[in-house]
Amino acid sequence: MFIVTAIEDNDDRAFMLNLYNNYYRLVRKTIYGLTQDNKDIEDLINDVFIKLIEKIPTLRKLNSCKTTAYVVYTSRSVALNHLKHMNVIKKHTYLGEKEDISDDLISTDDNMEDKFFHQADLEALSNAILRLPQSQKDILYFKYILEMSDVEIAGILGISHNSVREYLTRARRSAKKLMEKEMLGNGK
């Protein structure tokens with residue numbers, strides 16, 4: 001179990017115990033979702049709550065939704081740092097003269113946190129586009145997947161090439177709104 005004996009103030013100790021009890025499962029789920037590893041999960045969970053001890057004054061000021069977001073962000077950060085560390089260890093693992101696999105592993109030069117958030121953004125965008133009307137899906141598909149020019153798109157859709165930009169703008173705005181709705185909906 002999480003150790004709060006390092007906290008001298010009884011109010012802070014009670015606050016952290018309450019935070020631990022309320023968010024333990026969410027922290028565990030967030031970490032496991034990124035690491036897919038049960039071996040170190042309890043240590044990582046404790047690391048999250050230790051980091052949160054330093055932020056007690058900030059956490060006390062947040063409403064429950066913002067507290068949840070803060071806890072999830074901290075959990076992701078700890079999990080991603082763990083993954084980076086494990087990749088460094090794997091990269092430097094030497095299995096033998098002919099079996100050094102360190103060159104085949106993911107480069108740690110790439111920012112894993114950026115990759116994770118980029119992937120999450122792409123998934124949210126993909127989900128948003130799927131909910132667009134067919135005409136907006138088509139124009140985005142022609143422009144960004146098939147990389148067609150405005151004139152080519154205008155020919156297919158039977159509109160003037162000047163109207164293509166307006167239709168693209170509307171489609172992008174609609175996708176952005178749906179994406180924002182989805183992201184806000186997931187944060188609750």
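The values are calculated or read from the model by the stated rules, or taken from the named source; none is laboratory data. The model shown is predicted, which means the values in this text are computed figures rather than measured ones. Because the Cβ atoms are built from the backbone with ideal geometry, glycine has one as well, and the counts that use them run over all protein chains shown. Just the protein is used for accessible areas: all its heavy atoms, side chains included, with ligands, DNA and RNA removed. Shrake-Rupley method; radii C 1.70, N 1.55, O 1.52, S 1.80 Å.
General observations
- Matching entry among 67, 58 (being hydroxyl-bearing (Ser, Thr, Tyr) and open to solvent by less than 30 Å² (accessible area, probe 1.4 Å)): 67
- Per-region count, region 111-154, residues open to solvent by less than 60 Å² (accessible area, probe 1.4 Å), of a type in the set (Gly, Ala, Ser) and more than 30 Å from residue 82 (Cα to Cα): 3
- Taking the criterion of being touching an Asp or Glu at 6+ places or on another chain (Cβ under 9 Å) and not β-branched (Val, Ile, Thr), the residues of region 147-162 that qualify are 157, 161, 162.
- Among the residues listed as 179, 148, the single one being modelled with pLDDT of 75 or more and part of a loop (DSSP other than H, G, I, E, B): 148
- Per-region count, region 151-170, residues part of a loop (DSSP other than H, G, I, E, B) and either acidic (Asp, Glu) or modelled with pLDDT under 85 (or both): 0
- Extreme residue, farthest from the chain's Cα centre (by Cα), among residues of region 21-55 that are among the polar types (S, T, N, Q) and exposed (fewer than 12 other Cβ atoms within 10 Å of the Cβ): 21
- Residue 128 vs. criteria over 30 Å from residue 69 (Cα atoms), in contact with a Ser or Thr (Cβ under 9 Å, 6 or more places away or on another chain) and small (Gly, Ala, Ser): no
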